[in-house]
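Chemist: Just passing along the structure, written as C-alpha cells.
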C-alpha cells in the first residue's frame, strides 16, 4: 500500500526497528568481540605473570624480559584494535 505524505510512518523509538537478520548480526558481532577480549585478557594476565616472574629472578636475562615486555605491548595494541572493531 502506498503512503501519502500525510500519513505517519510507524514509530519504533528513535529509529525504525532493525530487521531480525540485522539484530542477529549485531549480536554475533558483539559476542565475538566479547570472546576475543576475554581470550586477550587471559593472554595479558599470562604476560604480566611472566614479566613479574622474570623480574623476580636475577638469573633471567634482560633480553628475556624485553621479549616479554614486547609481547605485553603487542597484546595491548591488539586489545585496542578489538575494542575499536578493527579486527
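The values are calculated or read from the model by the stated rules, or taken from the named source; none is laboratory data. Nothing here was measured: the structure is a model prediction, and the numbers come from that model. We place every Cβ from the backbone using ideal geometry, glycine too, and count neighbours over all the protein chains shown.
Chemist: With the structure loaded, tell me whether residue 31 is part of a helix (DSSP H, G or I), at pLDDT 75 or above and surrounded by fewer than 11 Cβ atoms within 10 Å (Cβ to Cβ) or whether it fails that test.
Modeler: So residue 31 passes the test.
Chemist: When residue 21 is evaluated against the numbered criteria (1) modelled with pLDDT of 90 or more; (2) loosely packed, with under 11 Cβ neighbours inside 10 Å, which criterion, by number, is the only one it fails?
Modeler: The failed condition is (1).
Chemist: Taking segment 42-87 on its own, how many of its residues are touching a helix residue (DSSP H, G or I) at 6+ places or on another chain (Cβ under 8 Å) and in a helix (DSSP H, G or I)?
Modeler: 20
Chemist: Just to be sure, is residue 39 within 20 Å of residue 78 (Cβ to Cβ) and at pLDDT 90 or above?
Modeler: yes
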